[in-house]
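Peer 1: Would you mind keeping the following structure in view while I ask a few things?
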Amino acid sequence: MDRGEILFGKDESTQPRQKRYLEVGDGKQLSSVIRDGRRGKQDIVRLGLLDFPYSHSVHLYKTLVEAALGDVGHGTVLDFFAGSGTTGHAVMNLNREDDGFRKYIMIEMGRHFETVLLPRIKKVAHSHDWRVGKPVSRKGQSHFFKYIKLESHEDALDSLEVKPLEDAGDLFTANPELAEDYALRYQLANETAASASLCGGDFSRPGGYMLSVVRDGTRRDVAVDLPETFNYLIGLRVHARRVIENVLAISGIDAVETRCLILWRDIESTDNDALNVWFKTHGERIREEFNASLVYVNGDHELGRLSPADGSWATSALELVFREKMFETEVE
């Protein structure tokens, strides 16, 4: 009481309360922010993005993010329903103001990702000031972002290719019961095994791996980033990624703390002999610098012959691990 840390009411009907002070590390004290909730539409209209019915206010999100993360300039914000991308916009504005390193992860499944959210992030990075879709200044910011499109259940089904087994017609005609049993038990596994969506396609050209999907009633081929997909499947924390003489070399540490070197090549242009020469010239140096103990290579190869007898490093079948990780299920 002598230190003035107790608040007394006007009379005995009010219970005394402890006075609490906002410390420097406690974050920002919030006032009412509801009044800013209707300014969001103007934020995207200025960017020239009209194909979105309602957007929250950037100022509102800035206030919330700053209050949650404090003024330390770092931290990660996760938005499961990204909408028009207001969260990313707000984080970028905050980082611009104090040279912070805050990050954001946004998730969105609506088609407006292509027409509103993605263009918005690009425009905000290009310039801070916009009017009716035109940049007013060149006050941009250095910004790196990556977006990932996940294969949907419908995409997987659309990409299935059914190839009947050769010479099976006569056998099934003579044995109707066998045909029925085969259709129920084995047909999906065998006759669709070569489908790209089941990773049955050839990994010999990692840059040319395609899925055939249906979009708006039209079938078209879309590219699949096999190296990036593999990184996620093994839980790789990427250390370096470089292309040297047509071979993509990715080094990193996987989910079980194994130091890996992953080599992706176009087998037609870099056959096994060329790969052996490449590894002796570049690969061994990269492996030693990163101290990688496991080397992955797409396609059949002979690098295992170059591994030392002391077992300091070894090779692994990339495609086999890729398919195992792609379709593995957790057993309780």
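Peer 1: Once phi is turned into θ = phi - 60°, what whole-Hz ³J(HN,Hα) does the Karplus curve with 6.51, -1.76 and 1.60 give for every residue of segment 261-277, x standing for Gly and Pro?
Peer 2: 10, 10, 10, 10, 9, 7, 4, 5, 9, 10, 7, 5, 4, 5, 5, 4, 5
Peer 1: Shifting gears a bit: How far apart, in nm, are two points set 7 Å out from the Cα along the Cα-to-Cβ line at Asp51 and at Asp300?
Peer 2: Roughly 4.8 nm, to one decimal.
Peer 1: Rounded to the nearest 0.05, what FRET efficiency do Thr281 and Glu177 give with R0 = 56 Å and r taken as the Cβ-Cβ distance? Could you check?
Peer 2: Working: r = 60 Å, r/R0 = 1.08.
The pair Thr281/Glu177 has a calculated efficiency of 0.40.
Peer 1: OK, next. To check you understand DSSP bridge types, tell me what percent of the beta bridges within segment 199-332 (both residues inside) are antiparallel, rounded to 5.
Peer 2: Values: 20 of 28 bridges.
Restricted to segment 199-332, the bridges split so that about 70 percent are antiparallel.
Peer 1: Can you work out ³J(HN,Hα) from phi for every residue in segment 205-222, in order, using Karplus 6.51 cos²θ - 1.76 cosθ + 1.60 and θ = phi - 60°, giving whole Hz and x for Gly and Pro?
Peer 2: 10, x, x, x, 6, 10, 10, 9, 10, 10, 10, 6, x, 10, 7, 8, 8, 10
Peer 1: Treating cross-link reach as a plain straight distance, find the lysines whose alpha-carbon is under 24 Å from the alpha-carbon of Lys19, omitting any fewer than eight places away in the same chain.
Peer 2: Lys19 reaches Lys10, Lys28.
Peer 1: Another question about this same structure. Non-local amide H neighbours of Tyr104 (under 5 Å, H modeled in plane, Pro and chain starts lacking H): which ones?
Peer 2: Val77
Peer 1: Here's another thing I want to ask about it. Between beta-carbons, use under 14 Å as the cut-off and find the net charge around Ile262, counting Lys and Arg +1, Asp and Glu -1.
Peer 2: On the way: positive: Arg237, Arg241, Arg242, Arg259, Arg265, Arg287, Lys325; negative: Asp225, Glu228, Asp254, Glu319.
Residues near Ile262 contribute +3 overall.
Peer 1: Next question. What is the distance, in nm, between label points placed 7 Å from the Cα along the Cα-to-Cβ direction at Arg259 and at Asp202?
Peer 2: In this crude label model, Arg259 to Asp202 measures out at 3.6 nm.
Peer 1: Next question, about the same structure. Show the residues, 5+ positions off or on another chain, whose built amide H is closer than 5 Å to the amide H of His239.
Peer 2: For His239, whose amide H was placed from the backbone, the distant partners under 5 Å are Ser251, Gly252, Ile253.
Peer 1: Provide the gained length on full extension for the span Arg20 to His239, in nm with one decimal, where the gain is 0.36 nm per separating residue minus the Cα-Cα distance.
Peer 2: Values: separation 219, 0.36 × 219 = 78.84 nm, distance 4.59 nm.
Length difference between fully extended and current span is 74.3 nm.
Peer 1: Net charge near Pro206, counting Lys/Arg +1 and Asp/Glu -1 over other residues with Cβ under 11 Å of its Cβ? Let's see the in-between values first.
Peer 2: Details: positive: Arg205, Arg265; negative: Asp202, Asp225, Glu228, Asp266, Glu319.
Summing Lys/Arg as +1 and Asp/Glu as -1 gives -3.
Peer 1: Applying 1/(1 + (r/R0)^6) with R0 = 30 Å to the Cβ-Cβ distance of Ser152 and Ser316, what FRET efficiency is obtained, to the nearest 0.05? Intermediate values should be presented prior to the final figure.
Peer 2: Numbers: r = 30 Å, r/R0 = 0.99.
Between Ser152 and Ser316 the formula returns 0.50.
Peer 1: Taking 30 Å as R0, compute the FRET efficiency from the Cβ-Cβ separation of Met210 and Asn246 and round it to 0.05.
Peer 2: On the way: r = 20 Å, r/R0 = 0.66.
E(calc), rounded to 0.05, equals 0.90.
Peer 1: At Asp99 and Asp221, where each label point lies 7 Å from the Cα along Cα→Cβ, what is the point-to-point distance in nanometres?
Peer 2: Taking the two extended label points, one gets 4.8 nm.
Peer 1: OK, next. I'd like the Karplus ³J(HN,Hα) series for segment 106-117: coefficients 6.51, -1.76, 1.60, θ = phi - 60°, whole numbers in Hz, and an x wherever there's a Gly or Pro.
Peer 2: Each residue of segment 106-117 in turn: 10, 10, 8, 10, x, 5, 5, 4, 6, 8, 10, 5 Hz.
Peer 1: If you don't mind, there's one more thing I want to ask. First compute the accessible area of segment 98-159 with a 1.4 Å probe, then give the percent of it belonging to carbon and sulfur atoms.
Peer 2: Values: 2630 of 4590 Å².
About 57 percent, which is the carbon plus sulfur part of the accessible surface.
Peer 1: Can I ask one more? Straight-line reach from Lys146: which lysines fall under 29 Å, measuring Cα to Cα and dropping same-chain residues less than 8 apart?
Peer 2: Partners found: Lys41, Lys62, Lys103, Lys122, Lys123, Lys134, Lys325.
Peer 1: Pull out the extension gain between Phe8 and Ser142, defined as 0.36 nm times the separation in residues minus the alpha carbon to alpha carbon distance; nm, one decimal.
Peer 2: 43.0 nm
The values are calculated or read from the model by the stated rules, or taken from the named source; none is laboratory data. These numbers come from a predicted model, not from an experiment. Methodologically, a virtual Cβ is constructed for each residue, glycine included, from the backbone with ideal geometry; neighbour enumeration extends over all protein chains shown. Accessible surface is based on the protein model in full, side chains and every heavy atom, while ligands, DNA and RNA are left aside. Shrake-Rupley method; radii C 1.70, N 1.55, O 1.52, S 1.80 Å.
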